[in-house]
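Presented below is the structure to which this report refers.
Values in this text are rule-based calculations from the coordinates and carry no lab data. Not measured: the values here are computed from a predicted model. So basically every Cβ, Gly included, is an ideal-geometry build from the backbone, and we count neighbours across all protein chains shown.
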Amino acid sequence: MKSIFKTIRSIVVAGFLMMTMPLMAQQANVPGLDAQLRKLVFAEGAIVQLYVDTVNMNQLTETAIRSMLSELDPHSTYTPAKDVEALNEPLAGSFDGIGVQFNMNEDTLVVIQTITGGPSEKVGIMAGDMIVTVNDTAIAGVKMSREQIMKRLRGPKGTTVNLGVIRPGVNGIQKFKVTRDKIPVYTVDAFYMIDDHTGYVRISNFGSTTTNEFVTATNYLTKCGMTDLVLDLQGNPGGYLQAAVSLSDQFLHNNEMIVYTEGRTTGRQEYHAGKDKIDLKKIVVLVDGYTASAAEIVSGALQDHDRGIIVGRRTFAKGLVQRAVPLPDGSEIRLTIAHYYSPVGRCFQKPYEKGDRQKYDNDMLDRLNSGELMSADSIHFPDSLKYTTKGGRTVYGGGGIMPDVYVPLDTTYYTRLHRELAAKGCINSSILKWLNTNQKRLHKEYDTSAFRKERARLIEDKSVNNERYRDGFLRFNKEFEVPQTMMDILLAKAKEENIEYTDSMLQATLPFLRRQMKALVARDLFSSSEYYEILNPINEIYHHGLEAIKDEERFQGIKTE
């Protein structure tokens, strides 16, 4: 019996070798083919031919790829084909869809805003509308996931989708036929004038349209009198290297180096500034522990050239460049190919051990436990990582960007009660419920139609030479207070979610909570710029940034062009 099994096994193995040898021979002719690659192919073939049970080879292959990448740096990653589009979308500049921003109020999709000039706005869909059916399929009250809903709403440009909409104050379900179109994805979240000569711009990430958006925003702000800029990169995770270079080019000149990259196979590549510039005097950049990658390139270039002041907390510390490597089935590897270095030669990448992703991911927790987030004295850089700018300032590499003005973390805003309310979606759902019966009145009271019309012209880089169109918002900001009826809805929602709290906890939470809720209402009525304009004054990093930009002594030795 054993000899029979041995014979059968020999036949199977021989068959496997016969099938794989031509492939191996073909691969062997490729110059420089590593023997380990042949070993990997043989191992996979052996599993297919000989393993006792049926094997899902797609899953096995993906596991093997992930396992290989896990032995490299923390930023070399694998993305399955089904997730590649969603991964790249925030940086690509646009996607095909119906053009709405929405939130889920329990199990119902509520439109927060329609994209100006987008397909939904064109057919009459409005903020506050509840989309309940898509092509006669119910999406409300059926516990459908956000991903499933988005899949139904999106589709190729030019295709149509039939929506059933419930509108507060209107009986029955309204029917709309929407023709999908290209929907822009904006990376400049907000821009406005802080005072007569100081502008504010917030960038959420670095995508293909970031510089164009930034130029549009600063052109408008310059017309409003901007000479100084607060550039907000808090929480910005980065994005395209070229986008960071292009944005930095707006601030530097005379062929000044912005960044250089260097890798084992890529060699050294330098990026330098050109000629076209935004006319600015003082620049302050706001950063925190989640400012990373491309955002660190911009911050580092301005710091190294003594062109601006960095305010906030030590940045994330990512100094690695990834290249997207598409695979035949549409999946993608993002492989680290180089380090990047600031103009004075510092690499911001924090230390890591290959294969130890958990330790790397715990870095922010380690910063908290070490006291770094509360005191700059807890941050120690070795002398080997010390660099000097042309202006004589000391800067550091090897662990992100240490700001010129350190701002400790203020934990008083984010109480346990606030964290639970946010985590369980109570804040947004309460606002949406309140707006269902108040939104129409607010739009009329604060003339939001005029605001949206002029805002659209501004985004299209048309001539909007003053801020008269924002009169409605300015009245809102001065007059509106979160009503008790909205708070009652929120507290009822907290009870429904079994969130326990004491009266003292509530009182400690209310100042920030009311400010946040007012900002969220403003975002619904106006835009995300007004959201940040309301919320920013209680942000400590923002507050210190304003102090820094007014401090003439601090700008001694800093270029103000």
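Out of all DSSP beta bridges in the chain, what portion is antiparallel? Express it as a percent rounded to 5. It would help to have the intermediate numbers written out before the result.
Numbers: 52 of 68 bridges.
Among the beta bridges of the chain, antiparallel pairing accounts for roughly 75 percent.
Above 45 Å lies some portion of the pair distances; for the chain, what is it as a whole percent of all C-alpha pairs? Each step should come with its number before you reach the end.
Working: 41077 of 157080 pairs.
In whole percent, the long-distance tail amounts to 26.
Using alpha-carbon pairs under 8 Å, 6+ residues apart, how would you state the relative contact order of the stretch 420-561 in percent?
The normalised contact order for the stretch 420-561 reaches 27 percent.
Quick one, what does Rg over Rh come out to for the stretch 416-543 if you take C-alpha atoms and the Kirkwood Rh?
Across the stretch 416-543, the Cα-based Rg/Rh ratio is 1.02.
How do CYS426, CYS224, CYS347 rank when sorted from fewest to most other Cβ atoms within 10 Å of their own Cβ? Spell out each step's value before the answer.
Details: CYS426 21, CYS224 15, CYS347 18.
Lowest to highest Cβ neighbour count: CYS224, CYS347, CYS426.
Within 11 Å, Cβ to Cβ, of GLY158, how many net charges do the neighbouring residues add up to if Lys/Arg are +1 and Asp/Glu are -1? The partial results should precede the final answer.
Details: positive: LYS157, ARG180, LYS182; negative: ASP96, ASP181.
Result for the local shell: +1.
Given a cut-off of under 8 Å on Cα pairs at least six residues apart, what relative contact order in percent is computed for the chain?
Averaging sequence separation for qualifying contacts and normalising by length gives 13 percent for the chain.
How big is the gap, in Å, between the Cα center of the stretch 305-373 and the Cα center of the stretch 500-561?
Each part's Cα centre sits 27 Å from the other's.
Counting other beta carbons within 10 Å of each residue's own, what order do SER529, SER208 fall into, fewest first?
SER208, SER529
With no solvent and one point per C-alpha, what does the Debye sum give as log10 I(q)/I(0) for the stretch 377-430 at q = 0.19, 0.25, 0.29 Å⁻¹?
-0.74, -1.02, -1.17
Explain nothing, just compute: Karplus ³J(HN,Hα) = 6.51 cos²θ - 1.76 cosθ + 1.60, θ = phi - 60°, for every residue of the stretch 545-559 in order, whole Hz, x for Gly and Pro.
Here the 3J(HN,Hα) series is x, 5, 5, 5, 6, 8, 8, 5, 5, 5, 8, 5, x, 9, 5 Hz.
I need two numbers for the stretch 40-132: Rg to one decimal and Dmax as a whole number, Cα atoms only, in Å.
21.9, 62
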